Amino acid sequence: MAVAVFFSTFMAYGNQPAARPLDPLGYALLAATVLGLAWWRRRPEAALAVSAGAAAVIFTFGYAIA
């Protein structure tokens, strides 16, 4: 899943030239969206909160939407 998220985000920049380029914060947010899914069996609420929260910050800061 992590490979798909990171690869699709890089590809999204080709279609969204005005998007903010990935910086260390962007990479950390992408990692948080994927790592949040690691808890989906034990704590689905926590997994949803972490993944959705990180995705919301990604969209708010203007990174490319993959």
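The values are calculated or read from the model by the stated rules, or taken from the named source; none is laboratory data. Source: prediction; values computed, not measured. In case anyone asks, the SASA skips ligands and DNA or RNA and just uses the protein heavy atoms, side chains included. Shrake-Rupley method; radii C 1.70, N 1.55, O 1.52, S 1.80 Å.
At-a-glance table
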quantity: Area projected by the alpha carbon convex hull of the range 1-61, averaged over all directions, nm²; calculated: 4.0
quantity: Interchain or long-range residues, amide H under 5 Å from residue 64's placed H; calculated: 20
quantity: Per-residue [θ]222 nm for the chain (sum of -39500 (n - 2.57) over DSSP H runs n ≥ 4, rounded to 500); calculated: -20000 deg cm²/dmol
quantity: Nearest-ten-degree value, helix 44-61 long axis tilted from longest Cα axis of the chain; calculated: 20
quantity: Solvent-accessible area, 1.4 Å probe, carbon plus sulfur percent, for the chain; calculated: 72
quantity: Relative contact order %, the chain, counting alpha carbon pairs below 8 Å whose residues are six or more apart; calculated: 43
quantity: For the range 17-33 versus the range 38-65, the gap between their alpha-carbon centres in whole angstrom; calculated: 13
